[in-house]
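First the structure, in the form of structure tokens, and then the observations on it.
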Amino acid sequence: MSEPTNLGYALLGLVHQGPKSGYDLRKVMAETALGNYSSSPGAIYPALARLEKEGLVIGKEDRSTSLRPKKVYRPSAKGRKVFTAWLSREVTGDDVNRHLDELMLRFAFHDVLDDRAATHRFLKELARQLQVFVTELKSQRQRMSASMPLQSRLALEAGIEQASASLRWARKALRYFRDERAEE
């Protein structure tokens with residue numbers, strides 16, 4: 001079995017929220033930030049076919065709601081297991097450095113876990129790893145700045161700013177979950 005792509009995981013997450021047709025999925029992808037993963041029928045339908053072939057979703061024809069039958073997708077037991085495992089993966093330094101978009105996708109679907117403590121742990125580790133990454137980038141700037149061309153220094157500054165913004169967001173989200181847990 002090959003691992004789903006980020007598009008595959010986005011589709012799997014959406015069908016975890018409720019049964020959806022390919023058209024429904026295309027519409028959500030086109031109207032939300034999930035469109036970054038693709039809202040193209042040329043990408044979505046083949047991704048759904050791969051998920052179905054891997055046994056992660058079950059597509060059933062539904063003739064009840066329209067003149068034309070449509071295929072409606074739901075997660076399979078295997079799909080729920082794979083998706084939950086993906087959501088529960090450890091946050092690593094490499095993820096923060098190279099796959100922050102995937103981490104945000106995982107966070108967006110964390111409600112599927114129905115485990116606020118798991119979400120709290122995810123955010124805590126995300127903030128910790130982002131802090132390490134920002135510190136590393138600032139250290140690089142200090143060591144190498146004098147020998148770097150202007151464009152390289154500015155690109156490094158952009159990386160520091162982006163990682164710092166992500167760190168501020170992670171800390172803010174973590175405070176939200178701490179405050180919410182305190183109210184319970």
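Quick note: the coordinates plus some simple rules give every number you see, no bench work behind them. Remember, predicted model here, so these are calculated numbers, not experimental data. Positions of Cβ are generated from backbone atoms using ideal geometry, with glycine treated the same way; all protein chains shown enter the neighbour counts.
So who's got an amide H within less than 5 Å of the one on Val72, skipping anything under 5 residues away but keeping other chains? H placed 1.01 Å off N, in plane.
Counting only residues 5 or more places away or on other chains, the set is Lys60, Glu61, Asp62.
Loop only by DSSP, 12 or fewer other Cβ within 10 Å of the Cβ. Give me the GluC sites (Glu not before Pro) in the stretch 34-117 that pass, ordered by residue number. Can you show the working numbers first?
On the way: sites: Glu52, Glu54, Glu61, Glu90, Glu102; in loops: Glu54, Glu90.
Answer by residue number: Glu90.
Round to the nearest 0.05 the FRET efficiency obtained for Glu3 and Ser145 when R0 = 35 Å and r is the Cβ-Cβ distance.
So, using R0 = 35 Å, E works out to roughly 0.35.
Among Leu100, Leu167, Leu150, what is the fewest-to-most ranking by other Cβ atoms within 10 Å?
Values: Leu100 16, Leu167 20, Leu150 7.
In order of increasing Cβ crowding within 10 Å: Leu150, Leu100, Leu167.
222 nm [θ] for the chain, helices only, -39500 (n - 2.57) per DSSP H run of 4+, per residue, to 500?
Details: 8 runs with 123 residues, N = 184.
About -22000 deg cm²/dmol.
With an 8 Å Cα cut-off and a minimum separation of 6 or more residues, compute the relative contact order for the chain in percent.
Working: 173 pairs, mean separation 32.2, N = 184.
Rounded, it is 17 percent for the chain.
Candidates (1) 29.8, 119; (2) 19.6, 75; (3) 19.7, 68; which is the computed Rg and Dmax of the Cα atoms in Å?
(3)
Cα to Cα, under 15 Å, and not fewer than 8 places away if on the same chain: which aspartates and glutamates meet these conditions relative to Lys71?
Result set, ordered by chain and number: Asp24, Glu52, Glu61, Asp62.
Using a Förster distance of 25 Å, how high is the FRET efficiency between Arg171 and Ala43, based on the Cβ-Cβ distance and rounded to 0.05?
Values: r = 34 Å, r/R0 = 1.38.
That gives a FRET efficiency of 0.15.
Charges only on Cβ, +1 for Lys and Arg, -1 for Asp and Glu: so what's the dipole of the stretch 6-87 about the Cα centre, in debye to the nearest 20?
On the way: 14 positive and 6 negative charges, 47 e Å.
In total the dipole reaches around 220 debye.
What do you get for the angle between helix 41-53 and the principal long axis of the chain? Use alpha-carbon atoms, 0 to 90 degrees, nearest ten.
70 degrees
Answer with one residue from Tyr9, Val82, Tyr45: the one whose Cα lies farthest towards the positive end of the charge dipole of the chain, charges on Cβ with Lys, Arg +1 and Asp, Glu -1.
Projecting each Cα onto the dipole axis, the largest value belongs to Tyr45.
Using alpha carbons only, how many angstrom separate the centre of the stretch 19-47 from the centre of the stretch 79-125?
Cα centroid of the stretch 19-47 versus Cα centroid of the stretch 79-125: 21 Å apart.
Kindly express, to the nearest 10 degrees and within the range 0 to 90, the angle between helix 6-16's C-alpha long axis and the longest C-alpha principal axis of the chain.
The helix 6-16 is inclined about 50 degrees to the chain.
Any idea what the dipole of the chain comes to, in debye rounded to 20, about its Cα centre with Lys/Arg Cβ at +1 and Asp/Glu Cβ at -1? Write out the running numbers ahead of the final one.
Values: 31 positive and 23 negative charges, 39 e Å.
The dipole of the chain has a size of about 180 debye.
Checking the table Lys27/Lys53; Lys27/Lys60; Lys53/Lys124 against a 31 Å threshold on Cα-Cα, which pairs fail? Each step should come with its number before you reach the end.
Working: Lys27/Lys53 23 Å; Lys27/Lys60 19 Å; Lys53/Lys124 36 Å.
Cα-Cα > 31 Å for Lys53/Lys124; rest within.
What full-extension length gain, to one decimal in nm, is calculated for His99 and Gln162 as 0.36 nm per residue of separation minus the Cα-Cα distance?
Full-extension gain reported as 21.4 nm.
List every residue whose amide H lies under 5 Å from the amide H of Val57, counting only residues 5 or more places away in sequence or on a different chain, with H placed 1.01 Å from N in the peptide plane.
Long-range HN contacts for Val57: Glu52, Ser76.
Nearest 10 degrees is fine. How inclined is helix 77-87 to the longest principal axis of the chain, computing both from alpha carbons?
Tilt of helix 77-87: around 10 degrees.
Ordered by packing density, taken as the mean number of other Cβ atoms within 10 Å over each peptide's residues, highest first, how do 27-38, 124-135 rank?
Values: 27-38: 15.5, 124-135: 18.7.
Top of the packing list down: 124-135, 27-38.
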